[in-house]
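The values are calculated or read from the model by the stated rules, or taken from the named source; none is laboratory data. Just so you know, these numbers come straight off a predicted model, no measurement behind them. Note that we place each Cβ from the backbone using ideal geometry, even for glycine, and neighbour counts take in every protein chain shown. Quick note on the areas: whole protein, heavy atoms, side chains included, nothing else; ligands and nucleic acids left out. Shrake-Rupley method; radii C 1.70, N 1.55, O 1.52, S 1.80 Å.
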Amino acid sequence: MDFAKVLNQAQFQAVSTIDKPVLVIAGAGSGKTRVIEYKVLYLIEQGINPENILLLTFTRRAAREMLGRACSHNPRCSQIEGGTFHSFANKILRKFAKNVGLANNFIILDQSDSSEAVGKCAIKLGFNDSKKKFPQKETMAGIISKSLNKGISIQKIMQDEYEYFLETWEEIKNLAQIYQKYKRENNYVDYDDLLLYLRLLLQNLDFRNYLNQKYHYLMVDEFQDTNKLQGDITYLLAKDHQKVMIVGDDAQSIYGFRGANHDNILSFPKQFPDCQIIKLEQNYRSTQKILDLGNTALSNMQKKFEKELKSSSHDHGTKPKLLLFKNAQDEAEWICQKIIQLKEEGVDYYKQAVLFRNAYISIAVQAELSKYNIPFQMFGGMKFYETAHVKDLLSYLKILVNFKDELSWSRVLQLLPKIGPKSADKITDLINQTATLAEALEILQASDYKFELRKLIKVLQEINDHDLSVGETMQAMIAYYKNIIKTKFDDWQLRLSDLESLVIVAENYRSLSSLLADFALEPPQQGVAGFEDGKSDDQKPITLSTIHSAKGLEWEVVFLIGMIEGVLPSKFSLKNSEQLEEEHRLFYVAITRAKKYLFLTMHHVGRNAGIFQFNRLSRFVENSSILRKLEQEYIGQENNFNDFDVMQDLPF
């Protein structure tokens, strides 16, 4: 194969450099997968035994796709070992378990199993009987996991991310030790242990020499997403033979909340001083006008490798647009009308996407899409009526519409202390004997559960006795539910923001029944594989996705909504410079998903803690260098604000 003909100059350089460490900085849409595919082929054509090549990726699917493409050129590529860090660790540990004190028939705990095991250990330590409020078992398991993956103490993890549970850090540190002992006693390993034990083995020189005889060449994909453990494993696997190529984009490192370490890719040249840095800057996805915006966002970042994306398209395209609206309803309505307009111009729904930092900001858009009968699929979380806290809130509203709704009563009753399924059944039996909600509440006041029910009865009576609007009704129920949500969820602050956003939607309805009908949406399609086989392009849905879930994907048209300070960047990142930088990288990732058209939107009037507020434009967009790359328009006002000086005078 003439590799120089099928690859651009930078890609060919990355593929043909095999005798030294190589760091490939792969800009968005620059063909990084192609580099790995052809690197594999190049090594084999140079006479390298495919069994001596190791490819580490973040999903098995990614490894299969890359090697599958390579196999279409040369079937010997099927002999290459490719898989995830965890699957590789499992293979090695099965053979060398005794070297780390395990039996080779160890059982791997998945995340759910790990949480259960942590919960059992917590009960043994008496957490349930303590006066202190501890996180839920899933949260405690997550804290322990982050500590291991990031190489940071439990105390520091809790200071940074779980400050409201900080008083329990010593108990959770002790829990981590008990959990580790429990796993050893039962021959269990969790996902973190697989990496920990592999790193432990690799720290032994004799073991590294053994592996070096097997694996002469190492490639690692998506290196910007590796955590501390995976970074250490990569270094130890390659430090002796130095024949390693890592591929990634520091500007797309957006998974810090999962433990990814942005410094891994930045420090690679220090770990391997002979490293050759190759930048892939030719973009095969977006028009230059979109890339101009992405390049400007990139230039405003602090810790990065310098690069500038250039479009392979001769069509420079149209300027991305910044659209500002009075409220979320106007914003959602405009987006839906634009989606339909583009569809009529030949851009099918499935070629369009609405992206956002957090799913709650998309509530108004979800409701409006349903009204317009525009099919959509949701990635990065469930549709809102399927999340537990929204289901709880809607159950209260359903009772107000139909006071004999047994399912809703059962749900809300079991949110109360001392009321389980049997007690809930007894209470619903009493309710079924009444003729009105007022009568039902009177019977409950005289029941054996009157103490547990007193606050719920009071709020339902107040709503039933007064002619409240739909928005006011929802606000009243949220105020009641607020104390419950604090005890039910560790991330209650985020969930409360979800519910407050619902009030904005509710205010556009005249009746609770119509709101509930609109929220009875079809369940979202699961996964990110695309669409059902056999569907015509006309039937394929538009995508709604968090930016995190959109990474690696692309669309002809992207609507990036919620360009609001406190949304993107998230309000939880504003006091932490590293988290704020990651939010900046999220912005860059969102921009570079668009191929032809990009619309950035925000709404002026929002809600926080139940009161109206003026939203401020995101700092990422308010920057003058960014604004110059955007065409600006204020929808719903007579004036059209097109210059930065006027933008500065707006009250946000």
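For Q276, the residues 5 or more places off, or on other chains, whose built amide H falls under 5 Å of its own are V22, L23. Annotation note: trypsin sites (Lys or Arg not before Pro) in region 252-285 located in DSSP loop regions with a Cβ neighbour count of at most 10 within 10 Å are absent. Could you tell me whether region 211-287 comes out rounded, prolate or oblate from its Cα gyration tensor? Rule is a ≥ b ≥ c as square roots of the eigenvalues, rounded for a/c under 1.5, then prolate if a/b exceeds b/c, otherwise oblate. Oblate, because a/c is 1.5 or more while a/b does not exceed b/c. Projecting the Cα atoms of N90, I547, V557 onto the dipole axis of the chain, where Lys and Arg carry +1 and Asp and Glu carry -1 at the beta carbon, places N90 farthest toward the positive end. Placing a label point 7 Å from the Cα of V401 along the Cα-to-Cβ direction, the residues of region 433-449 whose backbone N falls under 17 Å from that point are 437. For region 290-309 versus region 558-585, the inter-centroid distance based on Cα atoms is 16 Å. Suppose we look only past 23 Å in the calculated P(r) of region 152-307. What percent of the Cα-Cα pairs does that tail hold? That fraction is 54 percent. Accessible surface of region 1-136, 1.4 Å probe: 46 percent of it comes from carbon and sulfur atoms.
In this structure, the amide hydrogen of L600, modeled 1.01 Å from its nitrogen in the peptide plane, lies closer than 5 angstrom to those of K321, L322, L323, L560, counting only residues at least 5 positions away or on a different chain.
If R0 equals 45 Å, the separation of the Cβ atoms of K321 and T387 corresponds to a calculated FRET efficiency of about 0.90.
For helix 470-488, report the angle its Cα long axis makes with the longest principal axis of the Cα atoms of the chain; keep it between 0 and 90° and round to the nearest 10°. The two axes meet at around 60 degrees. What shape does region 27-110 take by its C-alpha gyration tensor, where a ≥ b ≥ c are the square roots of the eigenvalues and a/c under 1.5 counts as rounded, a/b above b/c as prolate, and the rest as oblate? Prolate, because a/c is 1.5 or more and a/b exceeds b/c. For a test of the definition: using alpha carbon positions, the gyration tensor, and the 1.5 limit on a/c, classify region 382-514 as rounded, prolate or oblate. Cα axes put region 382-514 in the oblate bin. Can you count the Lys pairs in region 414-470 whose Cα atoms are under 15 Å apart, with each pair 8 or more apart or on different chains? Close lysine pairs under the 15 Å cut-off: 5.
Farthest toward the positive end of the dipole of the chain, out of Q433, S147, L7, is the Cα of S147, where the dipole comes from beta carbon charges about the Cα centre. Full extension of the chain between S447 and Q414 yields a length gain of 10.3 nm, computed as 0.36 nm times the residue separation minus the alpha carbon distance. The slack in the chain from S423 to N373, taken as 0.36 nm per residue of separation less the alpha-carbon distance, amounts to 13.9 nm. Compared with the dominant Cα axis of the chain, that is its longest principal axis, helix 205-214 is turned about 80°. For region 157-289, how many pairs of lysine residues have a Cα-Cα distance under 21 Å, where the two are 8 or more positions apart or belong to different chains? Total qualifying Lys-Lys pairs in region 157-289 comes to 13. Full extension of the segment from K458 to K98, taken as 0.36 nm per residue of separation minus the current Cα-Cα distance, would add 123.3 nm. Amide hydrogen proximity for T84: with H placed 1.01 Å from N in the peptide plane, the residues at 5 or more positions away or on another chain lying under 5 Å are T57. Solvent exposure of region 317-461 amounts to 43 Å² per residue of accessible area, where only protein heavy atoms count and the probe is 1.4 Å.
May I ask you to give the percent of accessible area on region 370-521 that is carbon plus sulfur, with a probe radius of 1.4 Å?
Percent of accessible area from carbon and sulfur atoms in region 370-521: 50.
Per-residue packing, averaged as other Cβ atoms within 10 Å, sorts the ranges 421-431, 355-365, 453-463 into the order 355-365, 453-463, 421-431, beginning with the highest. Taking the longest Cα principal axis of the chain as reference, the axis of helix 191-202 is set at about 20 degrees. Beyond 29 Å in Cα-Cα separation lie the following of the pairs K338/K575; K32/K137; K371/K596: K338/K575; K32/K137. Compute the FRET efficiency between S130 and K239 as 1/(1 + (r/R0)^6), taking r as their Cβ-Cβ distance and R0 = 41 Å, and round to the nearest 0.05. Calculated transfer efficiency: 0.35.
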